Amino acid sequence: MKKKSALKGFTLMTVGVLFSSLLAGPTASGNSVLWSESKAGLEQTAAHTGPMSSVEVEQFADDFFNRPEIKKKLVGAAFTIVADNKVLLNKGYGYSDLETKTFVDPEQTIFRMASISKVMTATAVMQLVEQGKINLDEDIEKYLGGMRITNHTGTPVTMRHLLTHTSGFDFTDYISSNNVKDEQSLEEFIEDNLPTVIRTPGESYRYDNFAFNLQGYIIQRMVGYPFEEYIQKHIFKPLDMKNSDFLMTEQVKKQLATGYGTNGQPKEQYPNDPVIMPDGGMFGTSGDIAQFMLAHLNEGSFGTSQILSKTTTEEMHRTQVQVQEQMPTMALGFEKFYRHAYHGQMVIGKGGDLPGYHSWMWLIPDHKIGGFVITNSDASQDIGEELFTAFMDHYYPQEKQKAKEWPLHSNELDQYIGTYRYLRQPYLFFDIVKQKGELSISGPNGTHTLKPVGDQLFVDEEGNQAVFKKDTDGKITYLDYIFPDSWFGKIPDLPQYSDVANDDYAEAIYRSTKLFMPQHSEKRSTHYYPDEAITRGEFASQLIQFANLRPSDKPVVFKDAEGHKYASAIQTLADLGILVGTSTEMFDPDRTISRQEAATILWRLSSSVDLPIISAEIADQPAPWAVDAVKFLVGAGIYGPDVTRNEEGIVNYRSQEPLLRKESAVIWDCFSRILTSGL
């Protein structure tokens, strides 16, 4: 029976312009109860040898893509399976373009590979490691040509950290302009977006797009010519990947499948920004990916070409990051998503997501088997996980094993109690409390009971594993649960505000405090000032904290914001077109923001991304420029006790009144609930 993901269909805001960190909103996926990568685990499934013939594999693929629920959400897909140094299947399904009724050709239809690009970059890095040009465990500043990365930890960042998403950077995602007029080189991009190291490198796992762009920059510095040329010469050409490129050439555009949104409408093609994106800018076909997988499964060789040594491929495939063996996290460049479907096999993989394109590659090195699927519609972004799960259920079935007992005294559970916040985006968090001698965890997937099954290892009633990590002092600091692309960091206990009454605003105030409070302990105010109005500058600052956007280093365009404490936040949103001034050169950062102004900022944000723009009737009369924005917030349900209703029950948003601090808390609480809805 298929093991369903715990948060099926979970989709965060897709952000071509604003939340680049969520281009592929994290999909929560469960982790099966008992399995490991040990030989004991492999022996349990030795009888299952995987796909053996092209005919049988094609029948499996056809059966999957003919499922009604798959056909309903599919526009087009390419699917390939390799085994024992040959391609068993490379087949297209559906359309690369609906308007022209062009079918997917697995050898000629090009897709945006998105983060599949990262394993190309990682492979190139390991080639330079073999050549002695890069040391995996040396400070990367050695390779940056004088660039300095601010580091608050005293522990240097190494290439191994970059390859495993454990750099400790404060901002691991970035804003793409998606404006061809703003093209920037890889070097310019790195210089403009250098992060700061705020967590000890190697300590925690957080998906890191910037780290892979930094690897690409280091590659071109070490070889003395552009990254994309190196990849062509040393990976694409030796592997005969004739339709792959990191440049969006005219030929790529000609063969590129049209991407479609969740509404079935085609998306306009967008440029890569930076022009060369080692983290996600590759274009290619499923046929090309098949050849890349064959090389990795055949000790680095393909035909007469040898791109890596046997020792290097084994090191790339070896688990590098894990809290416990039962829950591996990262190899070098390869990730460990969808662990619920591994069924005792040692699996490495890589997913890729950009607006309109979604993919998943998996390798089972011990059996020399690999699979890859890619689609061209946001409506089909779950197909990768669903197909992989079906594949593993079919070829490597495993009976569910009963979790062993691991009794804990009630007082031993106290160390786990608290709030754990998602390292990648602050508006996702889990609360853990003790109830009747058990741990209860509440978050985006509802409320569940965690049962101990090992040392710091728990399982909920749906079979999803949760593992906790301690720091060097023995204190619980991180949680790995449900989400595959980042751990959750334990935050300090919430302050108890002396001026917050137990009223209708209290819950929103404390929930929003979880979003904005620092990760580490520091002196915090015992006052919230809930009835104080907030300023335009402060609201801008709250928004970039909410979205976890890197503050801009550019000079602020508004004269009255120069030198202001919120200048960088204001400029960040101005760069995105989310903020406009009161005139061409003024912003009034210290003026109280009205509710309709705040609504307009959020409406502009939502209009620039894939959030549905819902409208509703309202009872009050905002300024003409704010009508659509206020109707959107009301239609989306971004309000609470801060509104009134007329006799007909229609909402009066109080549009022209000042936005109070407690009302701002309601906005962020409602917005976070919307972004984590549909679970």
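Since every read-out is calculated from the coordinates, none of them should be taken as a lab result. None of the values given here were measured: they were computed from a predicted structure. All Cβ positions, glycine included, derive from the backbone under ideal geometry; neighbour counts span all protein chains shown.
By the scheme Lys and Arg +1, Asp and Glu -1, what is the net charge of all other residues having a beta-carbon under 13 Å from that of residue 54? Its environment carries a net charge of -2.
A simple packing score, the average count of other Cβ atoms within 10 Å per residue, orders the peptides 628-639, 130-141 as 628-639, 130-141, with the highest score first. Picking from 196, 76, 371, whose Cα lies most toward the positive end of the charge dipole for the stretch 20-395 (charges on Cβ: Lys, Arg +1; Asp, Glu -1)? Projecting each Cα onto the dipole axis, the largest value belongs to 371.
Among 234, 527, 358, 340, a tally of other beta-carbon atoms within 10 Å of each Cβ gives an order, fewest to most, of 527, 234, 340, 358. In order along the stretch 55-61, the Karplus-derived 3J(HN,Hα) couplings, from 6.51 cos²θ - 1.76 cosθ + 1.60 at θ = phi - 60°, round to 5, 5, 5, 5, 5, 4, 5 Hz, and Gly and Pro are given as x.
For Rg and Dmax of the Cα atoms in Å, the candidate list reads (1) 27.7, 86; (2) 25.1, 79; (3) 37.9, 115; the entry that matches the value derived from this model is (2).
Rounded to the nearest 10 degrees, the inclination of helix 595-607 to the longest alpha-carbon principal axis of the chain is 20 degrees.
Which one, 547, 567, 509, projects farthest toward the positive side of the charge dipole computed for the stretch 469-611 from Cβ point charges (K/R +1, D/E -1)? Sorting the options by dipole projection puts first 547.
Neighbour counts of other Cβ atoms within 10 Å put 252, 129, 55 in the fewest-to-most order 55, 252, 129.
Run the dipole for the chain about the Cα centre, Lys and Arg Cβ at +1, Asp and Glu Cβ at -1, nothing else charged, and hand back the magnitude in debye, nearest 20.
840 debye
The stretch between residue 63 and residue 102, if pulled fully straight at 0.36 nm per residue, gains 11.8 nm over its current Cα-Cα span.
Loop-resident GluC sites (Glu not before Pro) (DSSP state other than H, G, I, E or B) in the stretch 478-546 with no more than 10 further Cβ atoms inside 10 Å of their Cβ: 522. In the stretch 506-675, the ratio of gyration radius to Kirkwood radius, Rg to Rh, stands at 0.96 when only Cα atoms are counted.
Assuming charge only on the beta carbon of Lys and Arg (+1) and of Asp and Glu (-1), the dipole of the stretch 506-675 about its Cα centre is about 520 debye to the nearest 20. Taking a Cβ cut-off of under 12 Å around residue 127, the surrounding Lys, Arg, Asp and Glu residues balance to a net charge of +1, with basic ones at +1 and acidic ones at -1. What is the angle, in °, between the Cα long axis of helix 209-223 and the longest principal axis of the Cα atoms in the chain? Nearest 10 is fine, range 0 to 90. Value to nearest ten degrees: 50. Local charge sum around residue 581 (other residues, Cβ-Cβ under 10 Å, Lys/Arg +1, Asp/Glu -1)? Here the charged neighbours net out to -1. Only Lys, Arg, Asp and Glu carry charge here, each on its Cβ (+1 for the first two, -1 for the last two); on that basis the stretch 20-395 has a dipole of about 280 debye about its Cα centre. When the stretch 223-292 is described by a simple charge dipole with +1 on each Lys and Arg Cβ and -1 on each Asp and Glu Cβ, the residue from 287, 261, 275 located farthest towards its positive end is 287. Arranged from fewest to most other beta-carbon atoms within 10 Å of their beta carbon, 541, 615 become 615, 541.
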